[in-house]
Amino acid sequence: MPRSPSPSPPAGQPSTASDAGDAVKAIYVFANEKGGMTDINRGKINEIIAQLSQSSAYTAKLLKSDRRVDETVALLQQKLQRSDEGARRSAAAVVARQVAALEASRRADRCCAVIDFDMFYAAVEIRDRPELADKPVAVGGIGMISTANYVARRWGVRSAMPGFIGQALCRQLVFVRPDFAKYTAVAEVARAIFREYDPKMTAGSLDEAYLDLTDHLHKRARDGGGGGAGDDSGDCDGGGEGERRGTALTGEALGELAGEVVGEIRARVKEATRGLTTSAGIGPNFLLAKIAADVRKPDGQFCTGWSREAVLSFLAPLPVRKVPGVGRVMEKARARKDGAASAVCELLSRAAEARLLFTPGSADSLLRKSLGWEEGGREEAAGEALQKGISCERTFRPTGDEAELGETLRRLCASLAEEMAARQLRGRTVTLKMKTSDFDLLTRDSSAARPVGAAEELQARAVMPLTVAD
DNA sequence: ATACATACC
DNA sequence: GACTGGTATGTAT
């Protein structure tokens, strides 16, 4: 057994992380990820991760893609240098106009909430095996961890971290196999409750729900405080907009009532799921509610407020990475000159730059988000959004054996076809996705004249592009 | 239409 | 030795 030094968290003194070198950079996302505790021993953690990652094909691939991103960012910077005074001025003018227009239309009459379970999979497993409660637990396997409980997080174990690294960080780490059927059942219990408050609630994933509470809050205000969600059969039939809104229930009043209601929802969910906790965000739209849901995690809730001042003072200091849609790459592209990640206020103050660098759509999107506006202002396109794609993928041992690859493809197509049949879905474009042992991802697709769904059709379509090229 | 990148959980 | 799987969307050609 390799006797790797464990960071030993609970008693461990906050060793000031020797801000690790280059090799660490690529995977430093793990030790940094949100949701973690204060980083005790981060230096140690990074060291172990770096050690295990160096010379792996995966790390090589990450470094390569990192370099590519750096090149792109450098190109953007050049582009900015070369831009002339006129272009800059007109970009600034456009931004100023947009900001004014957006501010003029800030609304205070809507209330959204995002509710998600804390360390969902792990919480379910620990609920069912209470002896795990004070142990470090990871749901997943040696290949990949999907959720870690808070005890494990103190050792630096994170979601989306490969299991063998988790194990090196914490040798007592208990692995539990995921049981998706069970999580789906639990999620359904919660969703039934959510629907009492918003029949049109949507699910972001198994453990995350988006609720527009506006109608419910008005109903509450009208009918007087009382408990319960109002027997759903009662007065919320399909009519839609019909609710009279006599009360001027806006802004902070909306938020105050929403706080109570969300507290009630979370208590009911906890009760109905035998103790599972949730965190929630409340705000004037889903974007803000979503960001706010991260603030009081675990087992808490936070409301952004409705006024421009409240919203901006909430958003301004946040790292841009907290904004949904801004990932590793955009964070880097918008980083400050000294390389440090920008805060949302800098996104805003440099909005004109973004307009010069990105497509108008991307620039708009960034600007809207940095002002706390929901993307696209989508008023729900009537019908429930139809599914755009369906897929089935598996990672397996590298092989060059064509028969073996063919058999794998056959199995994948068969299970995909089964799933499509069950959900009554078909599709016109079939994409074959391949991953090499170097972690290079390739896709090849071909579109049919009419939708297909049968296993044989999928398989035939999948190999079609291969026979032509390569 | 195709290929690939990015992002989220 | 081991670094997921499912879905959506953006960008370039």
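The values are calculated or read from the model by the stated rules, or taken from the named source; none is laboratory data. It should be emphasised that the depicted structure is a prediction, and the values quoted were computed from it without experimental measurement. Counting neighbours? That spans all protein chains shown, and the Cβs are built from the backbone with ideal geometry, glycine included. Just the protein is used for accessible areas: all its heavy atoms, side chains included, with ligands, DNA and RNA removed. Shrake-Rupley method; radii C 1.70, N 1.55, O 1.52, S 1.80 Å.
Could you give me the ³J(HN,Hα) list for region A:168-185, computed from phi with Karplus coefficients 6.51, -1.76, 1.60 and θ = phi - 60°, whole Hz, x at Gly and Pro?
5, 6, 8, 6, 8, 3, 9, 8, 10, 5, x, 10, 5, 4, 5, 5, 5, 5
Which order do peptides A:211-217, A:460-466 fall in by mean Cβ count within 10 Å, highest first?
Averaged packing, sorted descending, gives the order A:211-217, A:460-466.
Got a number for the accessible area of A:Cys111? Probe 1.4 Å, square angstrom, nearest 10.
0
I need the peptides A:435-444, A:154-163, A:78-87 ranked by packing, meaning the mean over residues of other C-beta atoms within 10 angstrom, with the highest value on top.
A:154-163, A:435-444, A:78-87
For A:Ile48, what accessible surface area do you get with a 1.4 Å probe? Give it in Å², rounded to 10.
Result for A:Ile48: roughly 10 Å² accessible.
For a test of the definition: using alpha carbon positions, the gyration tensor, and the 1.5 limit on a/c, classify region A:57-114 as rounded, prolate or oblate. Kindly include the intermediate steps, with their values, before the conclusion.
On the way: a/c = 10.27, a/b = 1.38, b/c = 7.47.
Here region A:57-114 falls in the oblate category.
For a 21 Å ceiling on Cα separation, which of these pairs sit above it: A:Lys297/A:Lys322; A:Lys290/A:Lys369; A:Lys44/A:Lys322?
Flagged as over cut-off: A:Lys44/A:Lys322.
For A:Ser362 and A:Arg410 in the same chain, what is the full-extension length gain: residue separation times 0.36 nm, less their Cα-Cα distance, in nm?
Additional length available on full extension: 13.4 nm.
Could you sort A:279-292, A:353-366 so that the peptide with the highest average Cβ count within 10 Å comes first and the rest follow in order?
Top of the packing list down: A:279-292, A:353-366.
How much FRET efficiency would the formula 1/(1 + (r/R0)^6) give for A:Ala57 and A:Cys345, where r is the Cβ-Cβ distance and R0 is 45 Å, rounded to 0.05?
0.70
Cross-link partners among lysines for A:Lys64, C-alpha distance below 24 Å, same-chain residues fewer than 8 apart left out?
The qualifying lysines are A:Lys25, A:Lys79, A:Lys332, A:Lys337, A:Lys433, A:Lys435.
Nearest 0.05, what FRET efficiency do A:Asp223 and A:Lys200 give at R0 = 30 Å with Cβ-Cβ as r?
With a Förster radius of 30 Å, E is 0.90.
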